[in-house]
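Visitor: Sharing a structure here in C-alpha cells format.
The values are calculated or read from the model by the stated rules, or taken from the named source; none is laboratory data. What you see is a predicted model, and the numbers here were worked out from it, not measured in a lab. Every residue, glycine among them, receives a Cβ derived from its backbone with ideal geometry; neighbour counts consider all protein chains shown.
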Amino acid sequence: EAGVVQSPRYKIIEKKQPVAFWCNPISGHNTLYWYRQNLGQGPELLIRYENEEAVDDSQLPKDRFSAERLKGVDSTLKIQPAELGDSAVYLCASSWGPSSYNEQFFGPGTRLTVL
Amino acid sequence: ELKVEQNPLFLSMQEGKNYTIYCNYSTTSDRLYWYRQDPGKSLESLFVLLSNGAVKQEGRLMASLDTKARLSTLHITAAVHDLSATYFCAAGNYGGSQGNLIFGKGTKLSVKP
C-alpha cells in the first residue's frame, strides 16, 4: 500500500514568489493534515481537513497561505507571496478518522528554501 | 493550551548504555505518541499510548505513560548505532480540536561506538 505522497520534495524560490505543495493521502484516509516543521523543532499544525472541509485552520496564516482539498482526496497548500521566514519543511499527514486516537501517517515532506 | 516539553533535547550515548527520554505535557491528555525521524526523512510512528499505565516495547525501545503525572518516557536499552535519530513525542489536544497533536521539540539522539 502506498504511503502519503508529496511533491515536490525540494523547492527553492526567491522571496515574494508564489509556491504550491501537493499531497496525496493514503487511500481511504478521510482526514488530512498539513504541518510546518522549522529546523530543530517539532511539526506544527497548519490546517486539518475532514473530507473536503477544513475543520481547523486556526494556525494557518491566512494573509499569505491558502489550502484546498477538492473532492476530499488530494490537497494543495499555497504560499503567496513567500517570505524568508517561510523556509521550513512542509509535511502532509493523513489518518483514517478525525480523532487523535487514529494514527497519523506522514509523507516525506517538501523542503522549502526562500532566498 | 496544551504544551509538550521533551528533555533532553540532545543526547549523546555510547553503544551498550541505557538512557531515558522524558516527555511532559501541560494539560489533560490521554493520548501520547512517539515518533522517530531520520535526517531528511519523514516521521515514523513508534508507539501509541492510550491509557494510564500503558507500556509498549519494541526491540530496544520501551515507552510508558503516566497520565496523572502527565509524563511519558522512552527508555533505550543497550543502545546501538542504528538508533541514532531524532525522537518526538506528541500529545493529543484533549480539550480542543480532538484531531490535533501537539509535538515536543524532539530529542536528537546520537549513539557512538
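Visitor: Would you check if there is a residue in segment B:23-35 being surrounded by 13 or more Cβ atoms within 10 Å (Cβ to Cβ), within 28 Å of A:LEU39 (Cβ to Cβ), within 14 Å of another protein chain (Cβ to nearest Cβ) and among the acidic types (Asp, Glu)?
Guide: So far as segment B:23-35 goes, no, none of its residues is surrounded by 13 or more Cβ atoms within 10 Å (Cβ to Cβ), within 28 Å of A:LEU39 (Cβ to Cβ), within 14 Å of another protein chain (Cβ to nearest Cβ) and among the acidic types (Asp, Glu).
Visitor: Restricting the search to segment A:53-91, which residues are of a type in the set (A, V, I, L, M, F, W, C), closer than 30 Å to B:LYS108 by Cα and within 14 Å of chain B (Cβ to nearest Cβ)?
Guide: Listed by number, the residues that qualify are A:LEU60, A:ALA88, A:VAL89, A:LEU91.
Visitor: Condition check: within 10 Å of chain B (Cβ to nearest Cβ), surrounded by 15 or more Cβ atoms within 10 Å (Cβ to Cβ) and in a loop (DSSP other than H, G, I, E, B). Does A:GLY97 satisfy that?
Guide: no
Visitor: Kindly indicate the residue of segment B:36-69 that is of a type in the set (Lys, Arg) and over 30 Å from A:ALA88 (Cα atoms) and also farthest from the other protein chains (Cβ to nearest Cβ) among those meeting that condition.
Guide: Going through the qualifying residues, I end up with B:ARG60.
Visitor: Looking at segment B:80-98, can you tell me whether even one residue there is out of contact with any Pro (no Cβ under 6 Å at 6 or more places or on another chain), aromatic (Phe, Trp, Tyr), within 28 Å of A:GLY97 (Cα to Cα) and at pLDDT 90 or above?
Guide: Within segment B:80-98 (the criterion being out of contact with any Pro (no Cβ under 6 Å at 6 or more places or on another chain), aromatic (Phe, Trp, Tyr), within 28 Å of A:GLY97 (Cα to Cα) and at pLDDT 90 or above), the answer is yes, since at least one residue qualifies.
Visitor: Let me ask something else about it. Out of the strands (runs of 3 or more DSSP E) lying entirely within segment B:48-113, which hold 1 or more residues that are loosely packed, with under 14 Cβ neighbours inside 10 Å?
Guide: The qualifying strands (runs of 3 or more DSSP E) are B:55-58, B:107-112.
Visitor: Still on this structure, please answer the following. Scan segment A:17-52 for residues that are surrounded by fewer than 17 Cβ atoms within 10 Å (Cβ to Cβ), away from chain B (no Cβ under 12 Å) and either closer than 28 Å to B:LEU2 by Cα or out of contact with any Asp or Glu (no Cβ under 8 Å at 6 or more places or on another chain) (or both) and jot them down.
Guide: Across segment A:17-52, the qualifying residues are A:GLN17, A:PRO18, A:ALA20, A:GLY28, A:ASN51, A:GLU52.
Visitor: Which residues, taken from segment A:3-16, are within 11 Å of chain B (Cβ to nearest Cβ), assigned to a loop (DSSP other than H, G, I, E, B) and not basic (Lys, Arg)?
Guide: Once the filter is applied, which keeps residues that are within 11 Å of chain B (Cβ to nearest Cβ), assigned to a loop (DSSP other than H, G, I, E, B) and not basic (Lys, Arg), segment A:3-16 yields A:GLY3, A:VAL4.
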